[in-house]
Each structure stands twice: as C-alpha cells, then as structure tokens.
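Notes to accompany the following structure.
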Amino acid sequence: MQSLSRRGFLRQTGKAAAGVAAGLTILRDRKSAFSANDEVNVGIVGINGRGKSHMSGMCGTDGVRVVALCDPDTRLFESRSKRIEDKQGHKPKCYADIRDLLANDDIDAITVATCDHWHALATIWGCQAGKDVYVEKPASWCVFESKKMYEAARKYGRMVQVGTQSRSTPEVRNAIARLWAGEIGDVYMARALCYKPRRSIGFKEIKDPPEGLEFDLWLGPAPKQPYHDNLVHYNWHWFWDFGTTDMGNQGSHEMDIAMWGLGKTLPVKIHGVGGRFGYEDQAETPNTQVTTFEYEDGKLLVFEVRGHYTHDESGVKVGNMFYGSEGWMAKSDGYKGHFGRRGEVKEIEYEEGELPDVGGSGEGNNFSNWISAVRSRRRQDLNSEIRGGALSAALCALGNVSCRLGRELRFDPDKMEIIGDDEADRYLTREYREPFVVPEEV
C-alpha cells in the first residue's frame, strides 16, 4: 500500500476531519487486528527523561519491536539508538520531526513522552495517521485538548492509553474497588498531595539554541520565543507555555486516583490559590498551590502542592487520602481501612467477585496492558484509557486557571465551559502556532 508522505500528512492534518478520515481509512483497516505472533512496531516520540522509561518499557514487552525514535534534539540520537540496539539487536530509525515518523506506514503505534504542550497534538496526529498511542501524563495541556484527544481516539478507533500508571497497580485498583463497595461508607472527600521540594532553577541567559536542537520543532504549538537553557530538558515544567505546574506533573497521578476513587469526573466549582515562594528565579509557575474542587452533590476533591520542605500528612507526602462516613484510607499504609474516632484498622475480607469492576482488564503494567489492547482492539481492556486520563488532565488544567486568575470558577462539566467568566474561559485553550494546531474538527 502506498504510504502517506510527510507533505500529504501535513496537508491532511490541516484539512477538515472528513478529508483526513477518508485519507486514512485503508491504513486504519489494515491495522485493525494483530495475531498473537505478530510484532507490534512502535515509534517512541520524546526520548529524554520519561522517554527513557518508554524505551525500557517497550523493549521489555513481548512482541514489541522499537523501530523508530523521534526528538527535535538530534544530539540524543546516537546514545538512544545504541540503547535499543543493545536490547533488541537492531538500530531504530531516528526522526527530528514527528510528521516524518507518522508518515512511515511500517509503524503501528507510538508512545509520546514529550513536553506537556506537545502531548495532545502528537496524540491527535497519531490517531489521524492510523497509529495507536500511549501518551504520558498529563494527557493534555488544557481543557480543549482533552476534548479533542478523546474525540480523535473515538473517531479513528485507536487504542489510546495515558501514562497514569497507577490504574494498572493492583494495590490501587483494589483500594478503588473497596471504596466503591462502601468499605468506609459514603466517600465525601478525597485529598491528593504532592509534597516534593523543588530547588530554584536560577536564571539562564537568552542565546542561540545549541547545534543539533531543532528549537522551532521543540516549541511546536507554543508561541515563538527565544531559547535559554532552562527550557531544555527539564525545567520547561515551570513555564506556562510548556508545563502544567506540579499539579499536572507529579500531581496528575494523585489527581487521577482521587477523581477515580470519588467516582467523579469534572466539578462545578474550582477555587485555587498559590504562588512561588522561598526564592526568586526565572520560573513562572507556582511551587505552592491549594485547590478545592466541588461537585454538584457537594463532595470535595482537595489538591495541595508544597514545593518546599514540609512534614508529611498521615504518612503521605505524595499520594492520596479518602474520607468516608464510616472511616478513612491513606496510601501510606496500603490503603487500609481506619474506622471510628480512634482510627482502628480493620482489614475486611471480600469473597471472589464481591468487589465492583473498576475498569480495564487489570492485567499487566501500563505498557504491556496497552500492547494487549492494541492486539485485542478492545478499548475496555485498557487500564488507563484516554477518557479517564483526559478528564484528570482537564481537572489539573482547571485548577491552574483558577490559581492564575486568583478567583473561584464555576464550570459546566457537560459543555466543558467556564460559566460567566469570559477571561477564564479563554484559558481553556490557547492560540496555536501554525502549522502545529490542535484542530477544532479532528
């Protein structure tokens, strides 16, 4: 079958959805099923930081062949290619531009471990190109992107898994099932904590990008701006154009578990406060945040970031606590049930089949679970399917909007719109830079 050229792919990503769908129908049908013995050819997009974990995870999953690597920092190609060659006995093809990778018809699926601001576009383009996608947390940079990623996954029938890997952790899955079974009564509040000391990033001077870094590609959907060393490779997290604060970074795991345990999605009220305390540096985002999310029935999700030295709470520095009418649970002791005024621990035994189904197959780690679903073509097998990941990312984004504006927001979860606040509503999306545009119609 004739493959889709980069020029053709780029042209199609700018077209109306009907045209894109028509151009990819044959490709999608050809990749609709894998036999048990078929290798799944994977391309890894973003090969620094978390991308190295993707490389190890894919190389460690049976029936997977890593055939391509992609990153705008071409300085990484030699060392990362050698990693794959040492593990799998072959050198992957390397691309600076994701559009070139997606035009390769031999690639069945991609994993995305880029900066946050690239997650949505890489996922949507991947779906449009007929690839299944594993995308790191947070799934999106803003609420609009969460909507469009979900729509793209459904429209193109792709298996899209989000890197909120706690949904594949047996201990967490068991705790959620016990909460849903009513072990601690009616759960009225969840708390998510991210107490991670972060050092000052200092100040870096504006200068030309280093040779080998295609900085325009690195910027992608973000506004054009000058280069400095605090952007590449990690400290981009603390700049609004690229990152999502520690609420979306580490906190997205805990926010996802909190939302899951409450059995909720998006709230009707959001109130966030915070600031950057303890030092002055080049970063823009807060290192300290407290955000309250209120649901229509009055139940609460509270999230807190402490970016300086602090004590733990109930043995938790990074994790979750749940409060119910009969008791409470916390991550620190393996989500044991604590009951009564004295918090007496009681371990309740359940018969097989007595606990409710919390979604997904529950099998494998997040990577192997995704590959199993790529083979089965059953999205219900995915432990961390795009719907949940997109919603928890949107939750983080809403908390950041409230914090940035310094006021409570009222939100319509059905329309995914902020009510009566045009300024805040504009923060639900961004002005995309051509040609790196998350489309209105996917």
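The values are calculated or read from the model by the stated rules, or taken from the named source; none is laboratory data. Fair warning: this is a prediction, and the values are worked out from it, not measured in the lab. Because the Cβ atoms are built from the backbone with ideal geometry, glycine has one as well, and the counts that use them run over all protein chains shown.
Laid out as a table, the results:
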| quantity | calculated |
| --- | --- |
| Residue among 302, 316 that is assigned by TED's automatic domain parsing to the domain that holds residue 408, modelled with pLDDT under 95 and among the β-branched types (Val, Ile, Thr) | 316 |
| Near pairs, Cβ below 7 angstrom, 6+ apart or cross-chain, from the stretch 57-74 (farther than 16 Å from residue 374 by Cα) to any residue that is among the hydroxyl-bearing types (Ser, Thr, Tyr) and part of a strand (DSSP E or B) | 68/95; 70/95 |
| Qualifying positions in the stretch 313-335 - crowded, with 17+ Cβ neighbours inside 10 Å and assigned to a loop (DSSP other than H, G, I, E, B) | 335 |
| Residue within the stretch 196-207 that is in contact (Cβ under 8 Å) with a residue 60 or more places away in the chain, surrounded by fewer than 24 Cβ atoms within 10 Å (Cβ to Cβ), in contact with a Gly (Cβ under 9 Å, 6 or more places away or on another chain) and among the β-branched types (Val, Ile, Thr) present | no |
| Residue that is modelled with pLDDT of 95 or more, touching a Lys or Arg at 6+ places or on another chain (Cβ under 8 Å), charged (D, E, K, R) and not in a helix (DSSP H, G or I), where the choices are 167, 158 | 158 |
| Residue in the stretch 336-356 that is assigned to a loop (DSSP other than H, G, I, E, B) and within 25 Å of the chain's Cα centre (by Cα) present | no |
| Filter pass, residue 414 being under 29 Å from residue 224 (Cβ atoms) and free of Cβ contacts under 8 Å to residues at least 60 places away in the same chain | no |
| Which listed residue, of 229, 246, is modelled with pLDDT of 95 or more and either closer than 30 Å to residue 325 by Cβ or out of contact with any Cys (no Cβ under 8 Å at 6 or more places or on another chain) (or both) | 229 |
| Wholly enclosed helices (runs of 4 or more DSSP H) of the stretch 205-279 bearing at least 1 residues more than 20 Å from residue 162 (Cβ to Cβ) and of a type in the set (D, E, K, R) | 215-219 |
